[in-house]
Every structure is written in structure tokens, then in C-alpha cells.
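The values are calculated or read from the model by the stated rules, or taken from the named source; none is laboratory data. All values derive from a computational prediction rather than experimental measurement. Cβ placement follows ideal geometry from the backbone for every residue including glycine, while neighbour counts extend to all protein chains displayed. These area figures cover heavy atoms from the full protein model, side chains too; ligands, DNA and RNA do not enter into them. Shrake-Rupley method; radii C 1.70, N 1.55, O 1.52, S 1.80 Å.
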Amino acid sequence: MSFSAEHFKQQFPLFAQEENAGLVYLDNAATTQKPMPVINAVRDYYIHSSANTHRSSHRLARKSTEMVEQVRKKAAQFVNAASEREIVFCRGATEALNLLAHCLCSDMEPGDEIVISTAEHHANIVPWQMAAERYHLTLRFVPHTAGIPQFDRLGEVLSERTRVVSLTGGSNSIGLRPDLEVIRQLLRRRHIMWIVDGAQLAAHEQIDVQKIGCDFFVCSAHKFYGPSGVGFLYGREAVLESMPPWLGGEMISEVELHTSRYAGLPHKFEAGTSPLAALAGLGAAIDFLAQQDRRAMEEHEQKLVRWLHRELRASPNFRLISQVHHNLGIVAFVPVYGSAADLMHWLDERDIAVRVGHHCAQLLGRASGNLVTVRASVAAYNTDSDIRDFLQALEDYCEVQQVSASGLEDESNSWDLDDFSTLLLERLTSQRNWQGRYRELLLWSKVVSAKPEIRNPENLVRGCESEAWLVHKEREGRHYFGLDSDSRVVKGLGALLLSQIDGRTLEEIRALDLPQLFKELGLSKHLSQSRTNGFYALLRRALHQIEDGTAEV
């Protein structure tokens, strides 16, 4: 059975919208788009059957309750659980991992051990850190080489005190897919709870928890074409029965003055009202995937991943971080010219969506020496045309990065503040398109000279996509700044910011309308709070220092 990405893509209405006609969406590891059946299921729930579940007996409540339990059966089939009693609904993989950390660790003894790896998402690190601190437990890590876990060496860190092994089923930052069969063999005949974080895995291959042999499996619907805010935890029934509840509320059978008796599985872990419309969407997503040729989808995704790795490996302009082997659908890399954030801005202007940053995997980034990378992640609706457009945009970016700013650094030393501000605004205003503005920002980044002396923790303005450093002095009522950044775009934006506020009084700065200025220059997106590129935080820090009077006099 042949697979057509173009035909598959037609089932996702976001791509049919006029404003998305040229969109290349390669941020699927963050979230996938939603097919029409999922959207309709969420909508239809609110129109036809909105009511609370497992409480009232009226018609709408019965219909809503039946829907939830039908979705539970579908979820059990989706991962091949032995029973729907082994499926606990939650807000997603993060909540499920927090539930497990709380419930499993509360009965441990001080000195008991939890094993995780450097490739984990923060959601599979922080809950265990919190539990380890609370219960005086020990965290151990799978041996790694340059940050990459060697899962076949898991046995080296297992001991008589090991109680939990919680490992990714697929890395969200580099796409690494562990050999779960190897892990299963290493854990055989050991009384150790094995958790698989399947947030990335569920979108790319069919899941069989009985074949995997894990005790728990967690996933989020929005990663496999479902709605946000819902997911589920699979747990072996005997283990779930032995675990205490996590949250208190509507998960009881009876409440007395000083004690309560809890509901049976799986409801004792589902306190409060579930996200019912999202559950309807989850059921529709499972049905949608059941109608697809999952093997053909996976083969198509792997073809795209091999293509991307082949092209980037052959280019002298990029350094590959990810590996093509055992990769579930991600290419991670860094540009040789400029920064990852600079490339992200260029791609965004081309309406190509990727992720830049540490991808909630700082342990792996630090250990490998690549804390900030560009991540392109594929889904079955990505077409060959998407990949060609992406690769062409990368090639164009490298050409633009060769732009020269010769003479600007020397000339700028002789300008007074008004000359600097006027010239910069004139040049930016004269640009007729985003390519011209981008080149101008790269050009003006040269005016902000490197300042290694200010690169220390107290001056750091942290961003996920890039970092910046800012110092502030006040002299005779006027405010002066020095800044630096890894990103040329952020430095160019910083030059624009300094042209407006450097050497000004508090009253003069308060009189400025910076949002309007950025809008007029076509740069207003850089003031969005969704941006973690460093500039928005830099602007906030500068204005706070001015208003707060925080300055080195």
C-alpha cells in the first residue's frame, strides 16, 4: 500500500488556510497538527453531549460517561494493554511522570536508587529530583559518551537498591530511539519498576506495552495528532492496585470524618473533572491512526530523516548533532555561521517552523557541548516539497551570513547619539522586505562590539534560543548600557534599542513608544512574549533597570 504525504496532509485543515499556504511545519516534536476528525470530535462533544461524568444519571451524563469509557478501551487497544483498567487519563506525559514519581517514591527507603539518563526531557528528570530530595533517595544515570546514553551499559548502574528505571522511548532533542528490547533483557528477573516515556514514540510507531515489557508507559495526545491537555498513563494492573492515590477529590468510594475509602482502578488516580472534550478528541485521534497504514507512515518519515541527515552532513556550513541511525524523526544541528537563533529568525521569515533552544533537555545539551541547537522534526504530512524548501532556505541563509559590515565599527565611534539613531532608523525604514531588514540587523550587529568582560552570571539575560548580557550605569540622570549576545540578530536589535535609550534620561525614555517603533519597522514580532530568543527579556531587563534605578554609579 503506497503512502501519499500530500493526500494525508489534506486531512489537516490548518494547512488549507490561506495564511498557511506556504507553511513548512517542522516542529512536530513540540506538537502535531490536528486532523478534521479530531477537531470535529472536540466540537461535537460541546454541541451534543457536554455533561460531567461518573456522577449524574441523566441522559447527557450517561452519554458523556460512555464516551470516556469507550476512549479508555481505545487507549488500551492503542498500546495493547491487557485491560482498560490499566489506563489512567491525565493531562499528558508530564503529569503522568509526576504521578509516578510521587506514588512510587513515597514508600521507598532513604538511599534507594532511581536510574534515568542524560537524554531525558525535563519532565522525566525534575519529578525524580524532587522526590529524591524529599525522600533522601539517590539519582543515578545511564553511562554516557559525550552526553549520549549508552543504554546497553544500563546494567553498570543497577544495584540491589535500584527501585525505578525511568527512560525515554525516544529523545525529543536528538531523536535517539533506545533499543527497548536490550533494556528489557537487562531488567529481567529484577524487582525494578520500568517506566517508558513514550511522548515522542507514540506518533511514529505502533506501541505494544506487553511486548516492550515495561511496567508503565506515558504519552500525550497532542504529540500524535490529538488535542492538547490530555494523555494517559498505562500501568500494569497489579502495580497500580498497590499504589496510593496522588490527588484527593472525586476519586473515592466513601468519605468519613477522618478517613476515606478510595475508588477502584483506574478512577482512584483521576481526581476532579477530566478534560472531557479533549478525551473525545483523543478517541478520535486513536481512531484516525487506526485507519492509516502506520508502517507506510513510518517509512515515509524515515525517508525524510535520511534525506535531511545526508544533505546536512555533506554541507560544510552546518554541524550535525543527531544521528540518522535509531532516529524516530528528528534532525538536530547548529550553523557554522551565525547562531542557531539567527537561523531560526531567517527560517521564520520564510514561514518555516522549527525549534531552537535546549528543547527541555539541558542535561544532554551540556554534556554534549551543544546546549542550543536547531531541531527540525518530521511528521507523516511533511512532503518532499517541505524538505526541498527547508534545504533551500538553509542554503540562502548561509549566503546572507556572508554580509559584510566593514567600516561600520570604526565609523560608529565618531557618531554622536542623534546621528547613530537617525542613520539606523533611516536604513531600516528604507528596506522594502524582510530579507532587507534581516541583512540590516546583521550589519548593525557589528556596531555592538564583543564584551567578554560583561559575560558573567549577574549580567546574564537568559533565553532558550540565545543568551544576552546587559550592564547598566546611570550618570547625572542619564542611563547608559552595554550589551552582548551570541546572536547577531539580537545584537542588531540591541543596536536599535540602544539608539533609542542609551544616554537618555528617565523622562525621555518614558516618552518613547517602542512597540509602535518596532511595528513601523516591521520588527514587532520580536516583542512577542512567546519569543525566548533573548531580546524580549533583554528589553524587559533594560526598562526594569531604568525604572528601578538598578545601576552601577
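Tabulated data for the structure shown
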item: Some residue of segment 524-532 being at pLDDT below 75, touching a Gly at 6+ places or on another chain (Cβ under 6 Å) and either farther than 20 Å from Asp342 by Cα or in a loop (DSSP other than H, G, I, E, B) (or both); result: yes
item: Residue match in segment 243-253 (condition: under 30 Å from Thr162 (Cβ atoms), hydroxyl-bearing (Ser, Thr, Tyr) and open to solvent by 10 Å² or more (accessible area, probe 1.4 Å)); result: no
item: Number of the exception - Val165 against (1) under 22 Å from the mean Cα position of the chain (by Cα); (2) within 25 Å of His358 (Cβ to Cβ); result: (1)
item: Selection from segment 231-263 of residues that are modelled with pLDDT of 95 or more and in contact with a Phe, Trp or Tyr (Cβ under 7 Å, 6 or more places away or on another chain); result: Phe232, Leu233, Tyr234, Gly235
item: Complete set of residues in segment 291-309 that are over 14 Å from Glu205 (Cβ atoms) and touching a residue at least 12 places away in the same chain (Cβ under 8 Å); result: Leu304, Arg306, Trp307, Leu308, His309
item: Candidate set from segment 125-170 (those that are of a type in the set (S, T, N, Q) and out of contact with any Asp or Glu (no Cβ under 8 Å at 6 or more places or on another chain)); member that is farthest from Cys214 (Cα to Cα); result: Thr145
item: Residue in segment 349-368 that is in contact with a strand residue (DSSP E or B) (Cβ under 7 Å, 6 or more places away or on another chain), more than 24 Å from Arg177 (Cα to Cα), open to solvent by 10 Å² or more (accessible area, probe 1.4 Å) and in a helix (DSSP H, G or I) present; result: no
item: Hey, Arg140 within 21 Å of Gln323 (Cα to Cα), surrounded by fewer than 21 Cβ atoms within 10 Å (Cβ to Cβ), among the basic types (Lys, Arg) and out of contact with any Cys (no Cβ under 7 Å at 6 or more places or on another chain) or not; result: no
item: Per-region count, segment 143-171, residues open to solvent by less than 40 Å² (accessible area, probe 1.4 Å), out of contact with any strand residue (DSSP E or B) (no Cβ under 8 Å at 6 or more places or on another chain) and modelled with pLDDT of 95 or more; result: 1
item: Qualifying residue in segment 212-220 (condition: free of Cβ contacts under 8 Å to residues at least 60 places away in the same chain, touching a Phe, Trp or Tyr at 6+ places or on another chain (Cβ under 7 Å), of a type outside the set (D, E, K, R) and open to solvent by less than 10 Å² (accessible area, probe 1.4 Å)); result: yes
item: Tally, over segment 400-420, of residues that are open to solvent by 80 Å² or more (accessible area, probe 1.4 Å), assigned to a helix (DSSP H, G or I) and at pLDDT below 50; result: 2
item: In segment 80-94, the residues that are aliphatic (A, V, I, L, M) and surrounded by fewer than 23 Cβ atoms within 10 Å (Cβ to Cβ); result: Ala82
item: In segment 198-209, the residues that are within 24 Å of His102 (Cα to Cα) and either modelled with pLDDT under 95 or open to solvent by 10 Å² or more (accessible area, probe 1.4 Å) (or both); result: Ala199, Gln200
item: Sole exception among (1) outside any strand (DSSP E or B); (2) at pLDDT 85 or above; (3) over 28 Å from Gln362 (Cα atoms); (4) open to solvent by 50 Å² or more (accessible area, probe 1.4 Å) for Ala450, by number; result: (3)
item: Scope segment 4-22; condition assigned to a loop (DSSP other than H, G, I, E, B), surrounded by fewer than 17 Cβ atoms within 10 Å (Cβ to Cβ) and either in contact (Cβ under 8 Å) with a residue 40 or more places away in the chain or not small (Gly, Ala, Ser) (or both); matching residues; result: Gln10, Gln17, Gly22
item: Leading residue by the ranking (surrounded by the most Cβ atoms within 10 Å (Cβ to Cβ)) among those in segment 23-55 that are of a type in the set (D, E, K, R), touching a residue at least 12 places away in the same chain (Cβ under 8 Å) and closer than 30 Å to Thr65 by Cβ; result: Lys34
item: Close pairs from segment 374-386: first buried (at least 24 other Cβ atoms within 10 Å of the Cβ), partner assigned to a strand (DSSP E or B) and not aliphatic (A, V, I, L, M), Cβ under 6 Å, at least 6 apart; result: Val374/Phe333; Arg375/Arg355
item: Glu299 being open to solvent by 20 Å² or more (accessible area, probe 1.4 Å), in contact with a Leu (Cβ under 6 Å, 6 or more places away or on another chain) and more than 24 Å from Leu443 (Cα to Cα); result: no
item: Selection status of Val374, in a loop (DSSP other than H, G, I, E, B), hydrophobic (A, V, I, L, M, F, W, C), under 20 Å from Gly147 (Cβ atoms) and modelled with pLDDT of 90 or more; result: no
item: Lone qualifier among Val126, Val71 - being open to solvent by 10 Å² or more (accessible area, probe 1.4 Å) and under 28 Å from the mean Cα position of the chain (by Cα); result: Val126
item: Residue within segment 176-189 that is buried (at least 24 other Cβ atoms within 10 Å of the Cβ), touching a residue at least 40 places away in the same chain (Cβ under 8 Å) and under 30 Å from Ile321 (Cβ atoms) present; result: yes
item: Segment 326-348, residues that are aromatic (Phe, Trp, Tyr) and either under 17 Å from the mean Cα position of the chain (by Cα) or surrounded by 22 or more Cβ atoms within 10 Å (Cβ to Cβ) (or both); result: Phe333, Trp346
item: Residues of segment 438-447 classified as in a loop (DSSP other than H, G, I, E, B) and surrounded by fewer than 18 Cβ atoms within 10 Å (Cβ to Cβ), total; result: 0
item: Condition check for Tyr397: assigned to a helix (DSSP H, G or I), in contact (Cβ under 8 Å) with a residue 24 or more places away in the chain and aromatic (Phe, Trp, Tyr); result: yes
